[in-house]
Amino acid sequence: MTTQTPSRPLTGRVAVVTGASSGIGEASAEHLAELGARVVVLARRAERLDALVARIEKNGGQALALAVDVTDAAAVRTAADRVAAELGGADLLLNNAGVMHFGPIEERARAHGQSQIDLNITGLTNAIAAFTPQLVNAAAERGVADLVSTSSIAAQSVVPGFAVYAGTKAYVSHLSRNLRAELGAKKVRVSVIEPGLVDTELQNHVADAGARAFLESSKEMLEWLEPQDVARTVGFLASLPPRVNLPQVTVMPTGQPG
């Protein structure tokens, strides 16, 4: 049996990553595999997941791709059943699937507002419901498990045009605080990461030309985070001694004021 080493502190653990086809999820899956975890990657784009698994395995890691839409509760439960059957269950869940749209509330397209609620809130809640029993079981057996969710600095901010997005991320942050009160005594560490500006596909979902131009111009004024920066934060949280839990972590570009 492979044992943990300082360079591979997550050896023996099983990590499930949602929204793994790009950005923070993709980078986190690769980093967790580098740290020794067997990684299960979930997203809708099967071809992107297959390429990710191929890279992880080429680098000596182990990964399983499951093409799943997390807004489909039954599909997420089926994925969880497969993780239990094939890998013995997850002991780390990174909820990362999400979408961001822009628009003044009186002009917003209903579809854009609803899609953010469906993915950022319902999809996240589906994953938590499906995998938390596995986390609790793993914690009872091994002494620790991790439930980590990607929120946003928008959860703490007032940003005109991003009201629905910010509201969904406030849900993620506050849900995490409440889940920690439920699960901490069961040795499941609950953490929420609130990144500032990160250079991912998320900005491509912003349909408003003015908002896109503003986001692009901000890259000239400050250096944005890279997905790998947040991925290392996820790996750090999961690698801490079981007695240590960082409930809320804000990760900001050095030059971003707030």
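The values are calculated or read from the model by the stated rules, or taken from the named source; none is laboratory data. Predicted model only: the values in this text are computed from it and were never measured. Because the Cβ atoms are built from the backbone with ideal geometry, glycine has one as well, and the counts that use them run over all protein chains shown.
A few comments on the model shown:
- Breaking point among (1) outside any helix (DSSP H, G or I); (2) of a type in the set (Gly, Ala, Ser); (3) within 16 Å of the chain's Cα centre (by Cα), for GLY103: (3)
- Once the range 123-167 is narrowed to residues that are of a type in the set (Ser, Thr, Tyr) and touching a residue at least 60 places away in the same chain (Cβ under 8 Å), the residue that is nearest to VAL234 (Cα to Cα) is THR150.
- Subset of the range 1-23 (residues that are surrounded by 24 or more Cβ atoms within 10 Å (Cβ to Cβ) and part of a strand (DSSP E or B)): VAL14, ALA15, VAL16, VAL17, THR18
- The residue that is modelled with the highest pLDDT, counting only those in the range 109-124 that are buried (at least 18 other Cβ atoms within 10 Å of the Cβ) and among the polar types (S, T, N, Q), is ASN120.
- Total residues in the range 237-258, condition touching a helix residue (DSSP H, G or I) at 6+ places or on another chain (Cβ under 8 Å) and modelled with pLDDT of 95 or more: 9
- Being among the aliphatic types (A, V, I, L, M), in a helix (DSSP H, G or I), under 15 Å from GLN134 (Cβ atoms) and out of contact with any Gly (no Cβ under 6 Å at 6 or more places or on another chain) holds for only one residue in ALA79, ALA27, ALA74, and it is ALA79.
- Test for ALA65: is it in contact with a Leu (Cβ under 6 Å, 6 or more places away or on another chain), surrounded by 20 or more Cβ atoms within 10 Å (Cβ to Cβ) and assigned to a helix (DSSP H, G or I): no
- Test for GLU26: is it of a type in the set (D, E, K, R), touching a Leu at 6+ places or on another chain (Cβ under 8 Å), buried (at least 24 other Cβ atoms within 10 Å of the Cβ) and modelled with pLDDT of 95 or more: yes
- Residue count for the range 30-60 under the criterion of being touching a strand residue (DSSP E or B) at 6+ places or on another chain (Cβ under 7 Å), assigned to a loop (DSSP other than H, G, I, E, B) and more than 18 Å from PRO227 (Cα to Cα): the result is 3.
- Unmet requirement for SER7, which otherwise passes all of (1) at pLDDT below 95; (2) among the small types (Gly, Ala, Ser); (3) within 22 Å of LEU225 (Cα to Cα): (3)
- Hits in the range 80-100 (condition: modelled with pLDDT of 95 or more, surrounded by 15 or more Cβ atoms within 10 Å (Cβ to Cβ) and over 11 Å from THR18 (Cα atoms)): ALA80, VAL83, ALA84, LEU87, GLY89, ALA90, ASP91, LEU92
- Residue satisfying condition, being modelled with pLDDT of 95 or more, under 17 Å from LEU92 (Cα atoms) and either within 16 Å of the chain's Cα centre (by Cα) or surrounded by 16 or more Cβ atoms within 10 Å (Cβ to Cβ) (or both), within set SER191, SER173: SER191
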